[in-house]
């Protein structure tokens with residue numbers, strides 16, 4: 001039944017005419033067009049005609065260029081959990097336990113630098129059916145010995161080699177970006193990579209080369225930068241290893257992309273779809289024998305850049321939408337980091353929640369049943385094309401520098417990420433980018449009593465002493481705010497926690513709104529805040545503030561009333577407390593001329609302002 005035939009079609013111009021009329025003279029571009037960090041203009045509405053210029057829409061799921069996914073019949077993905085290996089038998093015990101709780105992909109994380117043997121693998125993988133799950137190995141060093149030991153263990157058993165799905169994370173170029181130097185030289189790591197490809201050839205579903213694009217994201221890059229630089233790194237592996245005489249099919253099928261997923265829900269979906277399309281074209285340019293070699297295998301991990309120590313349960317909300325983006329975007333496997341992973345060894349509770357977040361998407365929302373669930377969305381298809389265009393431009397820019405390693409040595413990649421990270425830091429400081437519970441709407445009563453290591457507030461710097469290049473330093477966008485609030489918490493253990501008193505007076509709506517704003521503003525630094533219903537006179541309000549022991553008095557009223565009320569309140573306050581006006585009234589300069597120095601508004605750099613107040617309070 002064609003239910004809408006009785007309605008006349010509405011053209012894009014008619015929609016625009018209506019929108020412009022409703023804007024009543026406001027600029028359409030400024031009011032309704034959102035610009036991403038990468039400069040992509042996101043319109044308020046899209047229509048079928050926007051898809052006419054997209055040339056990839058004729059492909060089906062599972063067909064080149066794989067923008068619609070690698071699979072034809074489902075959107076199935078592996079639910080992955082990481083296990084830190086300190087004792088082989090204990091790690092095996094935990095692995096078997098979590099496999100009974102919905103996980104079907106294990107990531108064994110080795111922090112010890114040692115050679116691994118077939119006997120070690122026998123202990124670690126005892127009673128684990130390798131044909132039923134995916135198994136992954138992450139190590140700081142000796143990845144080659146892990147790959148060889150695993151391959152030998154599999155061949156020694158009765159497994160069908162074509163059904164064993166696994167990966168060993170060997171990413172020498174990625175580590176070069178973090179450490180700044182190849183420990184044994186560039187030629188050595190390329191030789192190791194070639195050796196791993198050749199020695200594991202019989203295990204067709206064992207991937208031994210990793211592109212850790214998540215390192216770019218966790219260092220503050222944009223979504224386009226993460227994708228563009230990851231593609232460049234993958235292309236570098238293809239180049240150097242085919243130059244060694246290896247077939248492009250053999251190399252491409254050994255590469256796994258480990259990408260982070262951020263809070264930008266629709267952009268992340270588009271990133272994964274665009275990534276598959278671009279990687280397919282890159283591999284195709286090397287002349288593979290089979291288009292199957294052009295599939296981009298992606299492991300998606302919820303990023304750490306936007307995770308917080310304060311109000312950590314909010315991290316569960318963040319990782320839930322991120323996992324949704326990854327699944328809708330068609331990731332092959334997903335890790336949801338436990339909500340407490342950024343500041344402690346995850347607990348049994350946090351690991352269970354992280355597992356169940358993915359299981360909810362599968363068992364209750366059925367996200368694994370529909371192939372390419374984003375298909376046909378005018379918005380997402382257009383966004384996919386826009387991300388692909390921008391990422392391809394960045395990829396070409398890296399190639400013009402001589403490739404990934406050359407771009408690193410020149411500092412091109414680091415400079416781009418640092419510039420973007422600085423932009424994002426400023427957005428967080430001015431609350432253009434919100435981190436709920438940290439720089440916006442903090443939990444007023446939350447206090448960290450236990451001591452935290454200073455490292456949780458600082459970027460991760462792995463730079464070696466004789467580094468050849470500037471390195472990437474993963475960090476979290478919340479760290480500066482967390483250090484600020486933690487400083488207050490530590491001060492309050494021996495001193496008085498600052499009290500901020502809202503002197504609310506005058507216009508009811510304005511005083512309420514500004515008091516709420518000011519309470520949130522100062523609570524971000526861990527200050528105690530006291531809101532009030534309203535006072536009849538400034539003298540009454542100041543007297544109440546002094547009685548409450550206020551260290552800061554914030555006048556909350558309307559712009560029109562500030563001209564009279566602010567000077568009176570300032571004079572009544574005297575030296576008893578720091579006097580602040582909530583807002584940026586037209587009479588600001590007049591008030592400053594009368595000695596009032598402190599104003600807070602939505603345009604404030606809240607981070608720098610709060611640091612200043614801490615300094616004034618000698619915290």
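The values are calculated or read from the model by the stated rules, or taken from the named source; none is laboratory data. Because the structure is a prediction, the values reported are computed rather than measured. Positions of Cβ are backbone-derived with ideal geometry, glycine not excepted, and every protein chain shown enters the neighbour counts.
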With the condition kept exactly as written, say whether any residue in region 298-309 is assigned to a helix (DSSP H, G or I) and in contact with a helix residue (DSSP H, G or I) (Cβ under 6 Å, 6 or more places away or on another chain).
-> no
Checked region 224-264 for anything within 22 Å of residue 331 (Cα to Cα) and not in a helix (DSSP H, G or I); matches are 253, 254, 255, 256, 257, 258, 259, 260, 261, 262, 263, 264
If you check residue 456 against the conditions, is it farther than 30 Å from residue 172 by Cβ and either part of a helix (DSSP H, G or I) or in the same structural domain as residue 322 (by TED's automatic domain parsing) (or both)?
-> no
Of the candidates 318, 276, the one satisfying the condition of being assigned to a helix (DSSP H, G or I) and closer than 23 Å to residue 388 by Cα is 276
Could you run through region 492-518 and say how many residues are surrounded by fewer than 22 Cβ atoms within 10 Å (Cβ to Cβ), out of contact with any helix residue (DSSP H, G or I) (no Cβ under 8 Å at 6 or more places or on another chain) and under 22 Å from residue 310 (Cα atoms)?
-> 8
Just checking, which of 312, 338 is free of Cβ contacts under 8 Å to residues at least 24 places away in the same chain and in the same structural domain as residue 216 (by TED's automatic domain parsing)?
-> 338
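Rundown of residues vs (1) surrounded by fewer than 23 Cβ atoms within 10 Å (Cβ to Cβ); (2) touching a strand residue (DSSP E or B) at 6+ places or on another chain (Cβ under 9 Å), yes/no style:
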{"position": "285", "(1), (2)": "yes, no"}
{"position": "289", "(1), (2)": "yes, no"}
{"position": "306", "(1), (2)": "no, no"}
{"position": "317", "(1), (2)": "yes, yes"}
{"position": "327", "(1), (2)": "no, yes"}
{"position": "353", "(1), (2)": "yes, no"}
{"position": "372", "(1), (2)": "yes, no"}
{"position": "380", "(1), (2)": "yes, no"}
{"position": "384", "(1), (2)": "no, no"}
When region 204-222 is checked residue by residue, the ones that are crowded, with 22+ Cβ neighbours inside 10 Å and either outside the structural domain of residue 150 (by TED's automatic domain parsing) or in a loop (DSSP other than H, G, I, E, B) (or both) are 212, 213, 219, 220, 221, 222
Among the residues of region 587-609, which ones are in contact with a helix residue (DSSP H, G or I) (Cβ under 6 Å, 6 or more places away or on another chain) and within 22 Å of residue 569 (Cβ to Cβ)?
-> 587, 591, 594, 596, 600
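Here's the yes/no breakdown for (1) farther than 19 Å from residue 214 by Cβ; (2) buried (at least 24 other Cβ atoms within 10 Å of the Cβ):
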{"site": "126", "(1), (2)": "yes, no"}
{"site": "150", "(1), (2)": "yes, yes"}
{"site": "155", "(1), (2)": "yes, no"}
{"site": "163", "(1), (2)": "yes, no"}
{"site": "172", "(1), (2)": "no, no"}
Residue count, region 85-110, condition assigned to a loop (DSSP other than H, G, I, E, B) and either touching a strand residue (DSSP E or B) at 6+ places or on another chain (Cβ under 7 Å) or in contact (Cβ under 8 Å) with a residue 60 or more places away in the chain (or both), comes to 4
Have a look at 216, 229 and point out the one that is within 18 Å of residue 307 (Cβ to Cβ) and in contact with a helix residue (DSSP H, G or I) (Cβ under 6 Å, 6 or more places away or on another chain).
-> 216
Unique residue being surrounded by fewer than 24 Cβ atoms within 10 Å (Cβ to Cβ), in contact (Cβ under 8 Å) with a residue 40 or more places away in the chain and under 22 Å from residue 395 (Cβ atoms) when the list is 192, 186, 225 | 186
For region 30-57, which residues satisfy the criterion of being surrounded by 10 or more Cβ atoms within 10 Å (Cβ to Cβ), in a helix (DSSP H, G or I) and without any contact (Cβ under 8 Å) to a residue 24 or more places away in the chain?
-> 31, 32
Could we say that residue 367 is outside any helix (DSSP H, G or I), under 22 Å from the mean Cα position of the chain (by Cα) and in contact (Cβ under 8 Å) with a residue 24 or more places away in the chain here?
-> yes
Exception for residue 132 within (1) in the same structural domain as residue 372 (by TED's automatic domain parsing); (2) under 21 Å from residue 205 (Cα atoms); (3) crowded, with 21+ Cβ neighbours inside 10 Å falls at (3)
Among the candidates 84, 118, single out the residue that is assigned by TED's automatic domain parsing to the domain that holds residue 336 and in contact with a helix residue (DSSP H, G or I) (Cβ under 6 Å, 6 or more places away or on another chain).
-> 118
Of all residues in region 132-175, which are part of a helix (DSSP H, G or I), in contact (Cβ under 8 Å) with a residue 24 or more places away in the chain and touching a helix residue (DSSP H, G or I) at 6+ places or on another chain (Cβ under 7 Å)?
-> 144, 147, 148, 149, 150, 151, 152, 153, 156, 173, 174
Looking at residue 113, is it part of a loop (DSSP other than H, G, I, E, B), in contact (Cβ under 8 Å) with a residue 24 or more places away in the chain, in the same structural domain as residue 203 (by TED's automatic domain parsing) and surrounded by fewer than 16 Cβ atoms within 10 Å (Cβ to Cβ)?
-> yes
All conditions in (1) touching a residue at least 60 places away in the same chain (Cβ under 8 Å); (2) closer than 23 Å to residue 520 by Cβ are true of residue 432 except (1)
Here is a list of conditions, (1) touching a helix residue (DSSP H, G or I) at 6+ places or on another chain (Cβ under 8 Å); (2) farther than 27 Å from residue 609 by Cβ; (3) surrounded by fewer than 16 Cβ atoms within 10 Å (Cβ to Cβ), and residue 447 meets all of them except one; can you say which number that is?
-> (2)
